[in-house]
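Some notes on the structure that comes next.
The values are calculated or read from the model by the stated rules, or taken from the named source; none is laboratory data. Keep in mind it's a predicted model, so treat the numbers as computed, not measured. With ideal geometry, Cβ positions are generated from the backbone for all residues, glycine too; neighbour counts draw on all protein chains shown. Only protein heavy atoms, including side chains, enter the accessible area calculation; ligands, DNA and RNA are left aside. Shrake-Rupley method; radii C 1.70, N 1.55, O 1.52, S 1.80 Å.
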Amino acid sequence: MATTPVPAAAKSASPPPRSILRDSAFLRLWAGTTASGLATWALPFVLGLAVLHRDLGAAGLGLVLAARTAGFLVAVTVGGVLADRHSRRAVVLWSSLAAAAAAPLLAAGLGRSLLLMSAAAVLAGAGQGACRPAFQALTAETVAPERRQRANAAMTLAVRSSTLAGPALTSLLAAFLDTRTLLLGIGLLWLVAAFVPGRGVGAGAVPAAGSASDASSPAVAAARPGFRTEFLDGIREARRHPWFLAGLAALVAVVTLGYSATGVALPLVSRDRYGTAWVLGASTTAYTVGALGGALLVARWRPRSQGWAAFAGLAAYGVAPLSLTLPVHAAVVVAAYAVAGVGIELFNVPWFTATQREVAPDKLARVSSLDFLVSYGLAPAGLALIAPAIGAFGVTPVLAVCAAACFLVPAGAALVPTARHFARTPSAGTG
């Protein structure tokens, strides 16, 4: 009796890619980045509590925060060069340890020595600034290219969640712990950032040339150019990517004019137009909630013209200052801030991912340092300019100009060659 032939088994489909949240190397990096972000956010909030408890004056708070900003601006440039010259993991370790060491110094100086607190704030800012570009470059070493957008979205979700829940948690802890203990807690967060992340170069990731063991070779070290030359090499690399320069210009407009204008004007409008602090609190909360929603959306959304979609998201920040110029219901202002939050993450996550993909791996930290230098460095300048402008011309005209800049500058940046896909070739930007 003839046997019926057994049909050949169909070729099994390849298993679906494992979730980024099940990758232990990424989870360690995510935990370290989240801890550093939470520590960065918590310091000004805890120092604000010190003002409420009269351990620190308002002028002293301004001096300490200015010292931290100065430390950040110097170190973010130096850190970018060091992270490309040496192991990114080592830069994260030592910069986080520097920030951790600043915490007990801040606690020791609180109510006793403003000079000590200012010096410690410089150290804290330096640690924060040096680790930012190193973390960005370490992400490229740890996560494979096709998974980086979800990885960057996951990091954004963690930071935004911390910002949303942090004030309530810190206020709760402040009911049981004094300010000095809270400052020491910030130091513990920096220790997590220092020791938890792994060494990088995970499966499928792209190692940075010269940033790991190769950089420790005597021949390579002897052949390296000086610090100034390497920093200028990073600027030249950034200039190779017109979309990156266009994005920086758009960030300058939104950070200097958009963020700063709403930061100064929102409390005034909340008080003078609506007669309540509720609008201020609800709007800032709505912005963070919107950013969480934007990060969730962009984790999976891959528009065909990713750069244009990102610039549209950045331009959406303009609805926040625009809402403050119009005699609208308070709910409209809150909704505008939610839209601005969604839009900012529709820009941030693809922007970070494109930088990690397009920039030469051995220059990634230096190019990222330029991004952070603009993003963080220009905000104080905007605050310093906007307040006198409002005093001279009034809230509404200044906000109208800022809203127009937020709309028009990203729109102009989107017209730059290579901006449509955040890539030098269309195929690179659509995957």
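A few comments on the model shown:
- The number of residues in the range 307-322 being within 20 Å of Asn152 (Cα to Cα) and open to solvent by 10 Å² or more (accessible area, probe 1.4 Å) comes to 3.
- Note on the range 376-417: among residues that are open to solvent by 40 Å² or more (accessible area, probe 1.4 Å) and part of a loop (DSSP other than H, G, I, E, B), the one that is nearest to Leu326 (Cα to Cα) is Leu415.
- In the range 48-65, the residues that are in contact (Cβ under 8 Å) with a residue 40 or more places away in the chain and part of a helix (DSSP H, G or I): Leu49, Ala50, Gly60, Leu63, Val64, Leu65
- Residue match in the range 160-182 (condition: of a type in the set (D, E, K, R), in the same structural domain as Ala103 (by the TED database) and either at pLDDT below 60 or closer than 21 Å to Phe352 by Cβ (or both)): yes
- Evaluating Ile186 against the criteria (1) open to solvent by less than 60 Å² (accessible area, probe 1.4 Å); (2) assigned to a helix (DSSP H, G or I); (3) within 25 Å of Arg366 (Cα to Cα) leaves one unmet condition, (3).
- For the range 66-81, the count of residues that are part of a helix (DSSP H, G or I), open to solvent by less than 40 Å² (accessible area, probe 1.4 Å) and in contact with a Pro (Cβ under 6 Å, 6 or more places away or on another chain) is nonzero.
- Scanning the range 194-206 for residues that are of a type in the set (A, V, I, L, M), modelled with pLDDT under 95 and either surrounded by fewer than 15 Cβ atoms within 10 Å (Cβ to Cβ) or part of a helix (DSSP H, G or I) (or both) yields a total of 1.
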